[in-house]
Every structure is written in C-alpha cells, then in structure tokens.
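Scroll down for the structure; my scribbles are underneath it.
The values are calculated or read from the model by the stated rules, or taken from the named source; none is laboratory data. A quick note: this is a predicted structure, and the numbers were derived from the prediction, not measured. Cβ sites come from the backbone with ideal geometry, for glycine too, and all protein chains shown count toward neighbours. Accessible surface areas use protein heavy atoms only, side chains included; no ligands, DNA or RNA. Shrake-Rupley method; radii C 1.70, N 1.55, O 1.52, S 1.80 Å.
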Amino acid sequence: MPQTPPFAAMFDSSSYNRNLYQPKEDSCEGLYYHDNNLLSGSLEALIQHLVPNVDYYPDRTYIFTFLLSSRLFMHPYELMAKVCHLCVEQQRLIEPGLDKNWIRKIAPKILQLLTEWTETFPYDFRDERMMRNLKELAQRISSGDEMYRKNVQQLLQNLIRKLATVSQYEEVLTKINATSTDRLMVLKTKPQSIQKDIITVCNDPCVLAQQLTHIELERLNYIGPEEFVQAFVQKDPLDNDKSCYSDQKKTRNLEAYVEWFNRLSYLVATEICMPVKKKHRARVIEYFIDVARECFNIGNFNSLMAIISGMNMSPVSRLKKTWAKVKTAKFYILEHQMDPSSNFYNYRTALRGATQRSLTAHSNREKIVIPFFSLLIKDIYFLNEGCASRLPNGHVNFEKFWELAKQVSEFMTWKQVECPFERNRKILQYLLTVPVFSDDALYLASYESESPENHIEKDRWKTLR
C-alpha cells in the first residue's frame, strides 16, 4: 500500500524556491509559471493539474497545497466529484480494447492520490458525499484487478479507523468539558473548601511539565491541517450565492486546543489564589515557575505561555505581599523569552532553535516542538488576510498558497511526534477535570487573601460578596 512520506522533507529548499528575478514567464493551459514555480492558474486548470494520467503524477507539495487551499473556493466533496469526473473522462477517451491496459497504468497513481488525500485530510471524509465519491472511484479502480481491490480495501479500512478514533476523542472531550465546567460557579463560595492542590497531586515540576506535554501532543495530533484554512473561510468573490463553509465551520479540534490553553491559564491562577497562607501561595508560584522552565527545556511553548499568562492575570499579579516572598529572577527570564515586543522576537528565536534541534534529533524527546498556538493561528490568519486569494484576472493566487502550505506543513511535522514520557493517569485526570475558578471567583479569592487596596477594588469586592 503506498504510504505518504513524512512532511519534514516536503517543503525543503529544493522543491520550494522563490527565485523570482528572471523575466521568463511560462503559461501552460491556464497555469502560469515563473522559473518552474507555479504562481497562479484558473481553478479548473489547477484541478486538472491534480489528477494523474498515464504519463503524469502531480508533485507531492502541489497535492498538499492544493488540497489545503482549494476549500477556500469549493467544498472538498465538490473537488472530489470533479476529480472522479476527470478520471472517468480519461477512461472514456480510451479505445475499448485498451481499457484494461489503461487501468493497469493509471490505477496505482489514482490510488496514490487517494491515499495522500485520506491520510492527510481524513476529516474531509466525514462527509457522506465524500465517502460516496471515494467508494465509486475506488470501485472503478479495483474492478479489474485483485491486487488493487486489496489495496483499496486497506485504504478504506485505514480511513474508517482514523475517523472512529477522532469520534472517540471528541466524545472524551465532551465528557471532560461537562465535568469541569459545571462546577465553575460552585466555587464562588469560600475557595478554601477545596482540599486537593496541584503540589499534593504532583510535587515534581519536571513530571508535571511532562504530563502537560502529553496533553498538548495529544490535542495537537487531532487537529486537521485544513482547520487552519477553514477557520478563515469567507465568501469566494467569484461565487455569487454561497460562502464555502456556511453550513458548518469544521474547526472543533482547533477550538478544543485553544480552550485547553485557557483552562491551563485559569488552573494556574486558581492554584495560586486558593491557599489561605501567603507562604503557601508563594510556594505555588515558585512551583509553577519551575514547571514553566521545564516546559521551555522540553520545547513545549504552549504550556509555558499558558502558565505565564495565568501568573499575569490581575487576581494573581495584584498579590504584592505574596510576590515579595517569591524568588522572581527565574520568572523574569521566562517572561523575557515570551515577551510580545518586536512581534515575539525572543520566542520566535527560541522556536527556531527548537525546530533546528528537532530536525537533527535522534530521540522523540529532542523532536518535541509545541508552538505557542494562538500566535501560530494569528500568523496564518495575517498571511491569509494580507494577500488576495484571487488575482485581478480571476486566477487563483497560488504563490500565496505555497506560503500557507509551508507554514501548515511545519505544524504537521510537529504534531506527529510521539510523546516519550510515561503517562500518569492521576495527574492527567487532575489537570483535565479539576474545577477552576471563574473570573469572579478568582477575584474573590484574591481579595480574601490580600485586602483590596483602592476604591475600585473595594467596590468590586463588595459586589462579589
């Protein structure tokens, strides 16, 4: 069965160069090239360029880039229908006697294209129309040969297994969310009623950082590359009646990951504001500083940023007497790493370092790169917004989509890393389900710990009580 090679090699400098200085322009049946780089084309020509024939198979970077970006212009099921149609047309043009011969030559190529599609964008096939088209095309390929029939069956089995796994994952997420959010407001009462705290559950910051990395990698792994594009789908200017994804923006795994970041920030703030005694609060702050530093060493920048943002929430940052007891030098170093100035220059430098380390890594431990996710989404958003998807002549601006695919393919490499650390169910359960304070409960706990200092705080405290 053809397997798609790993992503790391896909957008290397050889297959992806942007040397745009030579004046030579080439046009080939609705596709415009410059120095062998595809710059633009009509949507129809780009679809034809995706479909293999007896003498041609599309470049792998092209397949990924087009499947990723085409959803800005049409539904995946519409694209699949066109691909099926083009394959059938090719077959129809063949003289009757040569039909078997044609199938033998083209079947492996079509099968390879379908393999790439189902392996890289499996969530497209949660749509019944996609599945129907896939099965029809698969049936056509396998009708002539027992070997292809086996390959087609394996492709469908792999796909169904993947979709079943993601459905289970989504059910688990729904259960977790139900248990943790129901109790948010219960905690507006006296916060001290909670017995357990994070240090009792896990007193080693290294182990906690490792368990956070488990959660991060699992959630990253379930995000489909297409979710980055679908989050920004708007109306295609050449399409009069509909936005491409008006029926459902399929970005739930991406959203679940953003929710996890918020939960972790609130969990950190909750753990700090909860203890009655100042020295206990200071100890929790120092503990989280050590956890954050360990996350940085692992390459888990998302947890690191969530911890820092939890410590910077107003109910925590206002606890001046508590902070006076904390050795803050390590905290300031971490804050400096994540400083947003100059478009997160320090963080981007650290991320590049981690990426380099992962490229030459000999172990899964060294391969870990978990980006600060909100910033990754923001970068992709600005890339999408800052550049037109269509050129004035109506062509698709493919140069933009090379850039988009390059960013998303890097993410694809990161999300495929297996977590090398041992799982600790008790700690994972705590991190995912322990109740966290709402904003109001955090402020209440904070004022109970250190009295309000000015009129605004006093008024707020009165209201909360």
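Pull up all non-local amide H partners of Tyr32: gap of 5 or more, or a different chain, and H-to-H distance under 5 Å with H placed in the peptide plane.
The answer is Leu39, Ser40, Gly41.
Binning at 5 Å from 0, report for region 46-147 what percent of all alpha-carbon pair distances ends up in each bin.
P(r) for region 46-147, in whole percents per bin: 2, 12, 25, 26, 19, 11, 4, 1, 0.
With runs of 4+ DSSP H residues as the only contributors, calculate the mean residue ellipticity of the chain at 222 nm using -39,500 (n - 2.57) per run, divided by the residue total and rounded to the nearest 500. Numbers along the way, then the final one.
Details: 22 runs with 290 residues, N = 465.
Computed ellipticity for the chain at 222 nm equals -20000 deg cm²/dmol.
Sorting check: for 215-227, 35-47, which peptide has the highest mean count of neighbouring beta carbons within 10 Å, and how do the rest follow? Provide the component values of the computation, followed by the final result.
Details: 215-227: 20.9, 35-47: 18.0.
Highest mean packing first, the order is 215-227, 35-47.
Order 52-59, 313-320 from most to least packed using the mean count of other Cβ atoms within 10 Å.
Details: 52-59: 13.6, 313-320: 17.2.
The densest-packed peptide leads the list: 313-320, 52-59.
I want to check the label-to-label distance for Lys100 and Val172. Put each point 7 Å from Cα in the C-beta direction and report it in nm to one decimal.
5.0 nm
Which value does Rg/Rh take for region 338-465 over its C-alpha atoms, Rh per Kirkwood?
Values: Rg = 22.5 Å, Rh = 19.5 Å.
Rounded to two decimals, Rg over Rh is 1.15.
Cross-link candidates for Lys415: which aspartates and glutamates have Cα within less than 13 Å, leaving aside residues fewer than 8 places away along the same chain?
Counting by Cα, and skipping residues close in sequence, Lys415 has these aspartates and glutamates nearby: Glu216, Glu218.
Under the √(5λ) rule applied to the eigenvalues of the Cα gyration tensor, what semi-axes describe the equivalent ellipsoid of the chain? Give them in Å, descending.
Values: eigenvalues 489, 111, 86 Å².
The answer is 49, 24, 21 Å, longest axis first.
Note down the nm distance, to one decimal, between modelled labels 7 Å out along Cα→Cβ at Arg465 and at Leu86.
7.1 nm
If one takes the longest principal axis of the Cα atoms in the chain, at what angle in degrees, from 0 to 90 and to the nearest 10, does the Cα axis of helix 252-273 lie?
With both axes taken from Cα atoms, the answer is about 10 degrees.
Given an 8 Å cut-off on Cα distances and at least 6 residues of separation, report the relative contact order of region 309-465 as a percent.
Reported as a whole number, the value is 20 percent.
Cross-link list Lys82/Lys175; Lys278/Lys458; Lys279/Lys330; Lys279/Lys378: which exceed 28 angstrom alpha carbon to alpha carbon?
From Lys82/Lys175; Lys278/Lys458; Lys279/Lys330; Lys279/Lys378, over 28 Å: Lys82/Lys175; Lys279/Lys378.
If we sort 361-368, 106-113 on the protection proxy, mean other Cβ atoms within 10 Å, highest first, what's the order? Don't skip to the answer; put the middle values down first.
Working: 361-368: 14.9, 106-113: 20.2.
Result, highest mean first: 106-113, 361-368.
Among residues other than Leu304 whose Cβ falls under 13 Å from its Cβ, what is the net charge (Lys/Arg +1, Asp/Glu -1)? Intermediate values should be presented prior to the final figure.
On the way: positive: Arg293, Lys330; negative: Glu216, Asp290, Glu294, Glu335, Asp339.
Net charge around Leu304: -3.
Take the Cβ-Cβ distance between Arg149 and Gln416 as r, set R0 to 25 Å, and report the resulting FRET efficiency rounded to the nearest 0.05.
Details: r = 30 Å, r/R0 = 1.19.
So, using R0 = 25 Å, E works out to roughly 0.25.
What is the helix-to-structure angle for 278-298, meaning the angle in degrees between its Cα long axis and the longest Cα principal axis of the chain, kept from 0 to 90 and rounded to the nearest 10?
20 degrees
Which percent of the accessible area of the chain is formed by carbon and sulfur heavy atoms (probe 1.4 angstrom)?
Details: 11780 of 22600 Å².
Ligands and nucleic acids excluded, carbon and sulfur reach 52 percent.
What number, in percent, do you get for the relative contact order of the chain if the mean sequence gap of Cα pairs under 8 Å and at least 6 apart is divided by its residue count?
Numbers: 509 pairs, mean separation 99.6, N = 465.
Relative contact order for the chain comes out at 21 percent.
What's the extension gain from Ile333 to Phe382 if we count 0.36 nm per residue and subtract their Cα-Cα distance?
Numbers: separation 49, 0.36 × 49 = 17.64 nm, distance 2.89 nm.
14.8 nm is the gain from fully extending Ile333 to Phe382.
For region 49-62, in order, what is each residue's ³J(HN,Hα) by Karplus, 6.51 cos²θ - 1.76 cosθ + 1.60 with θ = phi - 60°, in whole Hz (x at glycine and Pro)?
5, 7, 8, x, 9, 4, 9, 9, 9, x, 5, 5, 5, 5
Mind checking the per residue accessible area of the chain for me, 1.4 Å probe, whole number of Å²?
Details: 22600 Å² over 465 residues.
Counting only protein heavy atoms, the per-residue value for the chain is 49 Å².
Given an 8 Å cut-off on Cα distances and at least 6 residues of separation, report the relative contact order of region 32-160 as a percent. Let's see the in-between values first.
On the way: 83 pairs, mean separation 31.1, N = 129.
It rounds to 24 percent for region 32-160.
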